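Chemist: Input: one structure, supplied below.
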Amino acid sequence: MNEVQYFINGQAGDRVSAAERALHYGDGLFETIRVRGGEPEYLARHMQRLNSGCEQLQFPPLDWALVREELLELAALGQDTVLKYILSRGVGGRGYRPAADRDVTRIASLHPLPHWPAGPQQHGVRTRICSTRLAAQPLLAGIKHLNRLEQVLARAEWDDDGIAEGLMLDQQERLIEGTMSNLFIVNGRELLTPELSGCGVAGVMRSVILDLAVSLGLPVRVAPVTLDDVRSAGELFVCNSLAGIWPVVSIESVREFSIGRMTRQLQVALEAGEDDNRGNWYRT
């Protein structure tokens, strides 16, 4: 697949109303889903996060069976692609107050897979600490809402192609996530990932890795993470739904890392693992 394909409410098209609340206020959510062999990976998990986001933003009710079928049909149009799925609160007049009777607009697009030429899964990646700090807002923490301006500013901080990711801290100097990823550190035999009660995106791949760690009998903890924790860590990796697990081999001006045993163990388990892509979670 070489060209991007767009769909509005399940129909081919690339035009939405200029009155969409997603355009005016960022009033919406999105998911980025890896499609492999025409199947959307971790579909049930992506839908669960969308549902949680809709509840947090108090969206009108959606037909989740329709959403699921739409995602499956769109994924089947390409063998190995990226499916981006946006939910906007719909068309609204001027003013912040959302109308209760507006239909949610579904905006989907299929994209070619990104190309990472340096073999980041095998050889690891270089990272840096971003100066842009994440603001705390518990009402939005965890969900993948449309306001990504903090990430946009953070990603604009460097243009060195040798640095694959920027790590972001909050206002209290706690490490939260990457600009496009979640992160894990290994201290001894314990796997640790930042807690996200104040800010940050609770990634689908993050949830997969947490479950994998439990199934492998690895001690795992969700807790605040500081730069001191990183400096003393044995291993560090970042993850997202498209990239899987990328070992981190350096944080600019902080330290270098070796690719450790637990990171490799989780990579192997992730590659071998299976997930219920067609799970009917919305019926429970």
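Chemist: Along segment 23-38, what does the Karplus equation 6.51 cos²θ - 1.76 cosθ + 1.60 (θ = phi - 60°) give for ³J(HN,Hα), rounded to whole Hz, x for Gly and Pro?
Modeler: Taking θ as phi minus 60°, the curve returns 6, 7, 10, x, 7, x, 9, 8, 10, 10, 10, 7, 9, 10, x, x Hz for segment 23-38.
Chemist: Using only the Cα atoms of segment 120-272, what semi-axes does the equivalent ellipsoid have when each is the square root of 5 times a gyration tensor eigenvalue? Give whole Å, largest first. Mind dumping the intermediate values first?
Modeler: Working: eigenvalues 97, 64, 43 Å².
The three semi-axes for segment 120-272 are 22, 18, 15 Å.
Chemist: With Cβ to Cβ distances under 11 Å as the rule, what net charge do the other residues near D103 carry (K, R +1; D, E -1)? If you can, show how the numbers build up before the last one.
Modeler: Working: positive: R89, R102, R106; negative: D63, D101.
Overall, the nearby charge balance is +1.
Chemist: Across segment 145-160, in residue order, what do the Karplus-derived ³J(HN,Hα) couplings come to in whole Hz, using 6.51 cos²θ - 1.76 cosθ + 1.60 with θ = phi - 60° and x for Gly and Pro?
Modeler: Working through the residues one at a time gives 7, 7, 7, 10, 5, 4, 5, 4, 5, 5, 5, 6, 6, 9, 10, 7 Hz.
Chemist: Using the per-residue mean of other Cβ atoms lying within 10 Å as a proxy for protection, in what order, highest first, do the peptides 236-242, 117-123 fall? Write out the running numbers ahead of the final one.
Modeler: Values: 236-242: 23.6, 117-123: 12.4.
Peptide ranking by packing, descending: 236-242, 117-123.
Chemist: While we're on this one: Say R0 is 35 Å: what FRET efficiency, to the nearest 0.05, do E252 and R15 get from their beta-carbon distance?
Modeler: Numbers: r = 42 Å, r/R0 = 1.21.
For R0 = 35 Å, the calculated efficiency reads 0.25.
Chemist: Taking only C-alpha pairs under 8 Å that are 6+ residues apart, what is the relative contact order of the chain in percent?
Modeler: Details: 559 pairs, mean separation 56.5, N = 284.
Result for the chain is 20 percent.
Chemist: Taking the Cα centre of the chain as origin, sum charge times position over the Cβ atoms of Lys and Arg (+1) and Asp and Glu (-1), and report the length of that vector in debye to the nearest 20.
Modeler: Numbers: 29 positive and 36 negative charges, 87 e Å.
It comes to approximately 420 debye.
Chemist: Amide H of G178: which non-local residues (sequence gap of 5 or more, or other chain) have their own amide H closer than 5 Å, using H built in the peptide plane?
Modeler: Sorted by chain and number, the residues that satisfy this are M168, L183.
Chemist: Out of residues 5 or more away from G244 or on other chains, whose amide H comes under 5 Å of its own, with H placed 1.01 Å from N in the peptide plane?
Modeler: none
Chemist: For G162, what charge total do you get from the other residues with a beta carbon under 11 Å from its beta carbon, if Lys and Arg give +1 and Asp and Glu give -1? Before the final figure, lay out each step's value.
Modeler: On the way: positive: R126, R128; negative: D159, D160, D161, E252.
Result for the neighbourhood of G162: -2.
Chemist: Using the Karplus curve 6.51 cos²θ - 1.76 cosθ + 1.60 with θ = phi - 60°, what ³J(HN,Hα) values do you get for each residue of segment 96-105, in whole Hz, with x for Gly and Pro?
Modeler: 6, 4, x, 7, 6, 9, 7, 7, 5, 8
Chemist: Gaussian network model of the chain, Cα springs within a sub-10 Å range: biggest mean-square fluctuation belongs to which of V125, V186, V268?
Modeler: Maximum among the listed residues: V268.
Chemist: Quick one: compute the contact order of segment 120-272, relative version, from alpha carbon pairs under 8 angstrom and 6+ residues apart, as a percent.
Modeler: Working: 303 pairs, mean separation 42.9, N = 153.
Relative CO of segment 120-272 lands at 28 percent.
Chemist: What net charge is computed for the residues neighbouring S258, neighbours being all others with C-beta under 13 Å from the C-beta of S258, Lys and Arg scored +1, Asp and Glu -1?
Modeler: On the way: positive: R255, R261, R264; negative: E235, E256.
Charge balance in the 13 Å sphere: +1.
Chemist: What fraction of the DSSP beta bridges in segment 127-263 is antiparallel, stated in percent and rounded to the nearest 5?
Modeler: On the way: 19 of 30 bridges.
In segment 127-263, approximately 65 percent of DSSP beta bridges are antiparallel ones.
Chemist: Please report the antiparallel percentage of the DSSP beta bridges confined to the chain, to the nearest 5. All intermediate terms of the calculation are to be shown ahead of the outcome.
Modeler: Values: 46 of 60 bridges.
If I count the DSSP bridges inside the chain, around 75 percent turn out antiparallel.
Chemist: Now for a separate question. For the peptides 247-260, 18-31, what is the packing order when you average, over each peptide's residues, the other Cβ atoms within 10 Å and list the highest mean first? Walk me through the intermediate numbers first.
Modeler: Details: 247-260: 16.6, 18-31: 18.4.
So the peptides 247-260, 18-31, ranked by packing, come out 18-31, 247-260.
Chemist: Another one. What ranking do 140-148, 57-65 get when scored by the average of other Cβ atoms within 10 Å per residue, highest first?
Modeler: Numbers: 140-148: 17.7, 57-65: 13.7.
With the highest mean Cβ count within 10 Å placed first, the list reads 140-148, 57-65.
Chemist: Is the shape of the chain rounded, prolate or oblate, going by the alpha carbon gyration tensor and its root eigenvalues a ≥ b ≥ c, with a/c under 1.5 for rounded and a/b larger than b/c for prolate?
Modeler: Numbers: a/c = 1.73, a/b = 1.46, b/c = 1.19.
Prolate, because a/c is 1.5 or more and a/b exceeds b/c.
Chemist: Follow-up. Output the direction-averaged projected area (hull surface divided by four) of the convex hull of the alpha-carbon atoms of segment 5-113, in nm². Walk me through the numbers before you get to the answer.
Modeler: On the way: hull surface 25.6 nm².
For segment 5-113, the mean projected area of the Cα convex hull comes to 6.4 nm².
Chemist: With an 8 Å cut-off on Cα pairs and a minimum separation of 6 or more residues, tell me the relative contact order of segment 66-116 in percent. Walk me through the numbers on the way to the answer.
Modeler: Working: 54 pairs, mean separation 20.7, N = 51.
After rounding, I find 41 percent.
Chemist: Putting +1 on Lys and Arg Cβ atoms and -1 on Asp and Glu Cβ atoms, find which of G78, S52, A12 reaches farthest to the positive end of the dipole of segment 5-113.
Modeler: Of the listed residues, the answer is S52.
No lab work stands behind these numbers, since they all come straight from the coordinates. Remember, it's a predicted structure, so these values are computed and weren't measured experimentally. No Cβ is skipped: glycine too gets one built from the backbone with ideal geometry, and neighbour counts run over all protein chains shown.
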